[in-house]
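Reviewing the structure listed below.
Coordinate-derived values only; no laboratory data. Predicted model only: the values in this text are computed from it and were never measured. We place every Cβ from the backbone using ideal geometry, glycine too, and count neighbours over all the protein chains shown.
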Amino acid sequence: MWTSTDAVDGEGRRRVRALLSALGVDEPVHHESELDMATALSGTGPAYVFLFMEALIDAGVHLGFSRRLASKLVYETVRGSVEFAASNTLHPAELRNQVTSPGGTTAEAQAQLERGRMRTVLSDAVWAAYRRCVQLGELAQSGGGHRQSPATAPSDD
C-alpha cells in the first residue's frame, strides 16, 4: 500500500506503481491513516499467523505427534487453506461452513474457539497494533521517534 501527496504527478505515480507491483501487490490508498491500518493488519499479520501455527503445532505435540510431523501437518494445512481461499470467490465464513459437519469434530473445535473469544482477541490485537503504529508515527513527527528498546535501555540496577 502506498499514498502520495498532490505534488507527485501522474508520471511519478506510474513509476511508483511499476516499482511496487514488481515487489508484490500495488494498492494505492487515499489517506495516510490507511497505511497505519495496513501495518496493523498485514504488516503485523505474519506474527498472528505464526502464533496460530505455533499453537497448532504445540497442540499436535500434546496429542502425541513428533514436533517434525506436527509442523509438517500444520504447514500443509495452512498452505492448502490459504491457496484454496485465494483461488475462491466465497467469503471465508462460507468456506469454513463447507468443511464443518453439524455435530462433528470441526463444529466442536469451532465452538471452543468461540468460547475462548478468538475473534475478539484477534480484533483487539489488530487494534492495539494500529494504536501503537499511530503512536510511533506521532513520536517520529515530534522528533522523539528514536526510542531505545528494552534490551538496549539503561538498567535501573
Q. Using a simple spin-label model with points 7 Å from Cα along the Cα→Cβ vector, what separation in nm is obtained for Glu83 and Asp124?
A. 3.6 nm
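Between Glu27 and Leu113, what FRET efficiency comes out of the Förster formula 1/(1 + (r/R0)^6) with R0 = 30 Å and r the beta carbon distance, rounded to 0.05?
Working: r = 30 Å, r/R0 = 1.00.
E(calc), rounded to 0.05, equals 0.50.
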Q) Label-point separation (nm) for Ala93 and Ala55, each offset 7 Å from Cα along Cα-to-Cβ? A) 2.1 nm
Q. Cα convex hull of the range 45-129: how many Å³ per residue?
A. 117 Å³
Q. Between Ser101 and Leu63, how many nm apart are label points set 7 Å from Cα along the C-beta direction?
A. 1.5 nm
